[in-house]
Amino acid sequence: MAFDIVKYTRASDAVGWSDLDFDEFERNPLPDHVLRSLRYMCDVEYHTVCYLRDMLTTPSHKEPEIAAFMTMWNREEFWHGEALSAVLERHGIHVDYSALKAKRLKLGFKDRLDPIKQSFGSNLIGIDFAAVHMAWGAANEWSANAAYHRLAALEGADHPVLAELLKRIAQQETKHVAFYATQARERLAKSKKARVIARFALRKFWGPVGSTIAEPDEVTHVMGHLFQGSEGRKLVRGIDAHIARLPGLEGLTIVENSLEARGITGEDREPTPEPEVAAA
């Protein structure tokens with residue numbers, strides 16, 4: 001089904017959370033390991049804004065539908081960061097967007113497009129760049145969507161307010177997935193060169209979203225928190241299955257491979273017991 005870019009741009013709006021009872025976080029705070037993952041996700045969402053300017057210098061910006069989508073997508077990702085930062089703020093964790101932006105602007109492409117640009121330079125132009133960009137973006141958005149749904153499922157029983165917020169963010173991410181996947185499918189189908197380059201770039205350079213802007217320990221924590229164990233592995237293989245259905249990407253298992261490289265497996269592990277507090 002074709003993606004209706006006009007309908008999407010007209011309907012684009014901030015993710016809402018004013019109706020959610022954030023006071024619940026003061027009555028029932030989130031555990032530290034969840035806050036750590038939320039901070040990572042917040043940083044990734046905010047970083048999207050920082051690299052948009054550089055993206056607009058690539059051949060993709062000459063494609064009207066892509067340019068229109070990226071403008072709305074950029075705003076929605078920022079709003080996701082705002083929502084997550086509001087949760088963190090209730091736990092005494094202040095995320096200074098202005099400081100984060102100043103620091104991250106220096107990175108430019110590094111979170112999502114740098115491997116493509118640096119690896120192929122002028123050899124990847126026009127429709128071929130846009131096709132690879134869309135395939136790369138689809139892999140990222142499928143991963144992000146799965147991450148939000150997974151964290152919502154993990155925390156739904158103990159922290160329903162957080163779970164509801166994450167589901168709302170995931171609902172918008174689903175629209176992002178639809179655009180990237182539709183564009184990637186159509187553009188890869190038209191260009192053998194783009195299929196070859198996309199396959200090589202994803203197999204060689206793709207890593208979890210945020211892995212180029214966060215410390216390795218943080219990446220491993222978040223990916224392990226969300227995807228360690230049999231249930232997590234099912235989600236991971238589902239993401240890879242989506243990617244492998246794009247033209248030219250058959251058989252790729254880039255998400256599973258990236259997690260295995262970080263020691264994150266499908267093995268179900270017993271939770272680490274809380275340390276005992278010595279009696280006074």
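For residues in region 40-80 being among the charged types (D, E, K, R) and in contact with a helix residue (DSSP H, G or I) (Cβ under 6 Å, 6 or more places away or on another chain), which is modelled with the lowest pLDDT? Walk me through how you get there before you give the answer.
Looking only at region 40-80, we keep the residues that are among the charged types (D, E, K, R), and these are 43, 45, 53-54, 62-63, 65, 75-77.
Adding the requirement that they be in contact with a helix residue (DSSP H, G or I) (Cβ under 6 Å, 6 or more places away or on another chain) leaves 45, 54, 63, 65, 76-77.
Values: Glu45: 92, Asp54: 62, Glu63: 80, Glu65: 89, Glu76: 93, Glu77: 92.
Filtering region 40-80 for residues that are among the charged types (D, E, K, R) and in contact with a helix residue (DSSP H, G or I) (Cβ under 6 Å, 6 or more places away or on another chain), the one modelled with the lowest pLDDT comes out as Asp54.
Is it true that Lys110 is at pLDDT below 70 and surrounded by fewer than 16 Cβ atoms within 10 Å (Cβ to Cβ)?
Considered against the rule, which asks whether it is at pLDDT below 70 and surrounded by fewer than 16 Cβ atoms within 10 Å (Cβ to Cβ), Lys110 comes out as no.
So is Arg150 basic (Lys, Arg) and at pLDDT 95 or above or not? Write out each step before concluding.
Details: basic (Lys, Arg): yes; at pLDDT 95 or above: yes.
Against the criterion (basic (Lys, Arg) and at pLDDT 95 or above), Arg150 qualifies.
Looking at Gly251, Gly238, Gly224, which is the one that is out of contact with any His (no Cβ under 7 Å at 6 or more places or on another chain) and on the phi > 0 side of the Ramachandran plot? Quick ask: steps written out before the conclusion?
Details: Gly238 fails: on the phi > 0 side of the Ramachandran plot; Gly224 fails: on the phi > 0 side of the Ramachandran plot.
Just one listed residue meets the conditions, Gly251.
Could you list, in sequence order, the residues of region 156-167 that are crowded, with 18+ Cβ neighbours inside 10 Å and in contact (Cβ under 8 Å) with a residue 40 or more places away in the chain?
Matches in region 156-167: His159, Val161, Leu162, Leu165.
In region 249-280, how many residues are assigned to a helix (DSSP H, G or I) and either surrounded by 11 or more Cβ atoms within 10 Å (Cβ to Cβ) or modelled with pLDDT under 95 (or both)? Steps first, please.
Restricting attention to region 249-280, the residues satisfying the condition of being assigned to a helix (DSSP H, G or I) are 254-261.
Among the residues that remain, those that are also either surrounded by 11 or more Cβ atoms within 10 Å (Cβ to Cβ) or modelled with pLDDT under 95 (or both) are: 254-260.
Going through region 249-280 one residue at a time, the tally reaches 7.
Among Ala184, Ala170, which is closer than 29 Å to Asp4 by Cβ, part of a helix (DSSP H, G or I) and in contact with a Leu (Cβ under 8 Å, 6 or more places away or on another chain)?
Values: Ala170 fails: in contact with a Leu (Cβ under 8 Å, 6 or more places away or on another chain).
It is Ala184.
Condition first: modelled with pLDDT under 85, over 21 Å from the mean Cα position of the chain (by Cα), farther than 23 Å from Ser211 by Cβ and not β-branched (Val, Ile, Thr). Can you find one or more residues in region 3-15 that meet it? Can you show your working first?
Taking region 3-15 as the starting set, the residues that turn out to be modelled with pLDDT under 85 are none.
No, every residue in region 3-15 fails to be modelled with pLDDT under 85, over 21 Å from the mean Cα position of the chain (by Cα), farther than 23 Å from Ser211 by Cβ and not β-branched (Val, Ile, Thr).
The values are calculated or read from the model by the stated rules, or taken from the named source; none is laboratory data. Here the structure is a predicted model, which is why all the values come from computation and not from measurement. Cβ coordinates were reconstructed from backbone atoms using ideal geometry, including for glycine residues, and neighbour counts include every protein chain displayed.
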